1. Pull out the extension gain between ASP175 and SER211, defined as 0.36 nm times the separation in residues minus the alpha carbon to alpha carbon distance; nm, one decimal.
2. What's the center-to-center distance, using Cα atoms, between region 20-48 and region 89-107 in Å?
3. Over what distance in Å are the Cα centres of region 166-196 and region 108-123 separated?
4. Tell me, what ³J(HN,Hα) does each residue in region 147-152 have, in order and in whole Hz, if you take phi through Karplus 6.51 cos²θ - 1.76 cosθ + 1.60 with θ = phi - 60° and put x for Gly and Pro?
5. Output the 0 to 90 degree angle, nearest 10, between the alpha-carbon long axis of helix 83-103 and the longest principal axis computed from the alpha carbons of the chain.
6. Counting only other residues whose beta carbon sits under 13 Å from that of ILE164, what net charge do I get with K and R as +1, D and E as -1?
7. Please work out the FRET efficiency for the pair ALA220 and ASP82, using the Cβ-Cβ distance as r and a Förster radius of 51 Å; give the result to the nearest 0.05.
8. Kindly express, to the nearest 10 degrees and within the range 0 to 90, the angle between helix 237-251's C-alpha long axis and the longest C-alpha principal axis of the chain.
Amino acid sequence: MYQSILPILQPLVFEGKTGLLEVEHIYDDRAQFFINEGIIEKVETKRLEGEKAAIACAKWASITVTFAEGEQGSFLSSPPVDTNVILSYLEKVHKNIRIINKNIPENSAIFQVNQDKLNASAKLNVEDFKIALLLDGKSSVEQIITKSDKSELAILTHICKLLIAGVAWQIAQKDVMPQDEQDSFVQSLSAQLVALVGPAGPILLEDCFKSIHSEPGMLAKAEIPDLIEAVEAELDDKDRAELKVWSKSYIS
C-alpha cells in the first residue's frame, strides 16, 4: 500500500503541534519537517532544502513516518517555506496516490504491455510510452523505479494510466523454469514445428507464446500445457495428432 504524507502532516499543522516529522523513503532518502506551533519552519532531504525538498518528498509513496513531539530544530539560514503551499501540493498528490492504490498493489508487482493496443491508443503521451517500454513482463515496479530518473510518483502515475487505458496488465509472478530447461524445451518444440509446418514453425510458436502472455526466457512449467494447447489449435488434424505424440513423449 502506497502512502501520502498528507494524512500525517495535516493534523499536526491544524492542531498546532511542535516537533520533528521524519519521513523515510525506501529508495535511499530521508526528509525532515521541523514544525513549530503548526507552522512548517524547515524541510530538508539528503540533498535539498526548503520547498524544493518538500515537493521532492511529496512525490514519495513508499514511506515510513515518525513524529517526535516537542523536538526542536534549528531554523536559521534555511530557505523559507510556506505551510499552505506545501499542504495544497500534498492534497493533489494524495488524490493521485488513492487512485494508484486502486490499480497497483505493491512494489513487487510486474506488468506487461500489449504493443498493438499501445500503438493504437490516442490517450497516451510520449512520457507514457517511455514508461511502457520498461514494462517488459520481467521487471518489478521497484526495479523500474530504481533504474529510472523519474520520481516514484511519476512512474506509478504513468503505469496507472497505462493500466486504465487497457494497454498494460499485471502478470502473475511465477516459478520460471531454469534457463537450460527452457532452452531445451523451446528448441525441441520449435524443431518439431519446423518438421510439421516448415519455416513458419518458429513464427507460429512466437505467436502462441504471446497468446498465453509469456515469452521464451520467462516460461514456467505450469505454462507448458497451455503453450502446447495453443500450438495445437493452429495445426490441422494430422499435424495436431503428431504433436500430441511428441508432447506426451517429451512431458513423460
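1. My answer for the length gained is 11.1 nm.
2. A separation of 20 Å, based on Cα centres.
3. Using only Cα atoms to place each centre, the spacing works out to 21 Å.
4. Values per residue, Gly and Pro as x: 8, 9, 9, 8, 5, 4 Hz.
5. The answer is roughly 20 degrees.
6. Here the count lands on +3.
7. 0.45
8. 60
No value in this document is a laboratory result; all are computed from the given coordinates. Note that the structure is a prediction, hence the values are computed from the model and not measured. Heads up, the Cβs are rebuilt from the backbone with ideal geometry, glycines too, and the neighbour counts pull from every protein chain shown.
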